[in-house]
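Contents: one structure, followed by commentary.
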Amino acid sequence: MKGTFPLKSFESVVTPFYYYDAELLRETLKTITSEANKYENFTVHYAIKANANPKILRIIKEAGLGADCVSGGEISAAADAGFPNNKIVYAGVGKSDWEIELGLDKDIFCFNVESIEELEVINEIAGKKNKVAQVAFRINPNVGAHTHANITTGLSENKFGIAMEDMIKVIEIASEMQNVKFVGLHFHIGSQILDLGDFKALCNRVNDLQDELERHHICPEHINVGGGLGIDYAHPNRVPMADFTNYFNTFAKHLKLRPGQKLHFELGRAVVAPCGSLITKVLYVKKTAHKQFAIVDAGMTDLIRPALYQAYHKIENISSEDNAETYDVVGPICESSDVFGKQIDLNKCVRGHYIAIRSAGAYGEIMASGYNCRKLPLGYTSDELAK
Ligand SMILES: *Cc1c(COP(=O)(O)O)cnc(C)c1O
């Protein structure tokens, strides 16, 4: 089975563009909330950095998720989309003063703090504003994730978070400060994680750290385990949704929450990746002695994941029912890495056919660049286009 696309309505928009299946997104959100609500203390935030298209944010906000931000721009995007300020959390190793000020002005729920140096600055700026910033400490749990090296974040060699050995020290320092309040511990071990054993390892590490806190009579109000749940890029139609049931169950089973403690999640990719496709047109089919290229009008400027992470996206010719032929699908950018797929089978392509690059709803549109002076791709939802 192929994903269904409103080909007729595509004629009214310029390629390349992102097409978002709003129905799938809403279904995914429904599943996330119903699975998380099975457990009393679970709260889910959406990691804005995966996709900040306002149309997408509004749908996610309507489902009741909070927002996880990694910049001042994302705090503004979340607020503009209507996420309540008390559901916004803000992480990042390098928060600028204006970003901290913005978070304080908006009275966001929590700053996820990644160093003592940052804690001092937050305390100082909050003092000037006569405010008390709620802070959680992002702890680097030194837990590896079985994913691409560029998207693992929880190893001690990575730049993220505070070392476990320093956890008690920073909490004690915070307790001496007037304008910060320690409320939680934060973790995030990486992205596109499909082996739930990685999350189990995180749970075990959090349990050890909580035991240590208990010895110091410290009990955080919440634990935030970040995001990272992966999706099935190879089978967008057969497996259009991540396994949220087992994901939440893994934490319910292995993480020992203290009485009254809340557990927060920050899912990005698993929320939005499956619903998006990059739609592009075949410009030329170029045959050489050894292969044929389908040259399309989208490039790595529109979707950088294949060039940046050697990421796989399923590619389909959605205009043709003809027998498949083998192509290298490449873009127009002046870089040899501007390739979406090598030696892949597509229904026979001719100029003008629509190609769908699937599962591109996360880290797609948001990472687009203007390299080669190209226009940024626009995004449309099925609510707008399906007629
Ligand atoms: C990127 C990020 C997330 C979301 O990661 P996904 O793999 O998209 O789920 C969550 N929390 C933090 C702190 C992040 O940086």
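The values are calculated or read from the model by the stated rules, or taken from the named source; none is laboratory data. Since the model is a prediction, treat every value here as computed from it, not as a measurement. Don't worry about glycine lacking a Cβ; one is built from the backbone with ideal geometry, like all the others, and counts go over all protein chains shown. We work out accessible area using only protein heavy atoms, side chains counted, and drop any ligands, DNA or RNA first. Shrake-Rupley method; radii C 1.70, N 1.55, O 1.52, S 1.80 Å.
A few remarks follow.
- Subset of the range 255-299 [over 30 Å from ASN204 (Cβ atoms), in contact (Cβ under 8 Å) with a residue 40 or more places away in the chain and open to solvent by 10 Å² or more (accessible area, probe 1.4 Å)]: LYS281, LEU283, TYR284, VAL285, LYS291, ASP297
- Test: residue in the range 344-367 that is of a type in the set (Asp, Glu) and at pLDDT below 95: no
Condition check ((1) within 21 Å of HIS264 (Cα to Cα); (2) over 15 Å from the mean Cα position of the chain (by Cα)) across all residues:
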residue: THR31; (1), (2): yes, yes
residue: GLU35; (1), (2): yes, yes
residue: GLU40; (1), (2): yes, yes
residue: VAL44; (1), (2): yes, no
residue: LYS49; (1), (2): yes, no
residue: ALA63; (1), (2): yes, yes
residue: CYS69; (1), (2): yes, no
residue: GLY94; (1), (2): no, yes
residue: TRP98; (1), (2): no, yes
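- The residue that is nearest to the chain's Cα centre (by Cα), among those in the range 191-245 that are on the phi > 0 side of the Ramachandran plot and within 16 Å of the ligand (Cβ to nearest atom), is GLY228.
- Inter-residue pairs, beta-carbon under 6 Å, first in a loop (DSSP other than H, G, I, E, B) and in the range 347-366, second modelled with pLDDT under 95 and within 16 Å of the ligand (Cβ to nearest atom), 6+ apart: none
- Within the range 164-181, the only residue that satisfies the criterion of being open to solvent by less than 40 Å² (accessible area, probe 1.4 Å) and in a strand (DSSP E or B) is VAL180.
- Failed condition for TYR309, given (1) buried (at least 23 other Cβ atoms within 10 Å of the Cβ); (2) within 13 Å of TYR233 (Cβ to Cβ); (3) not polar (S, T, N, Q): (1)
Every residue, every condition in (1) within 15 Å of the ligand (Cβ to nearest atom); (2) of a type in the set (D, E, K, R), yes or no:
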| position | (1), (2) |
| --- | --- |
| ASN51 | yes, no |
| LEU57 | yes, no |
| CYS69 | yes, no |
| ALA81 | no, no |
| GLY94 | yes, no |
| TRP98 | no, no |
| ASP107 | no, yes |
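- Scanning the range 101-128 for residues that are surrounded by fewer than 22 Cβ atoms within 10 Å (Cβ to Cβ) and either under 20 Å from ALA50 (Cα atoms) or of a type in the set (A, V, I, L, M) (or both) yields LEU102, LEU104, ILE116, VAL121, ILE125.
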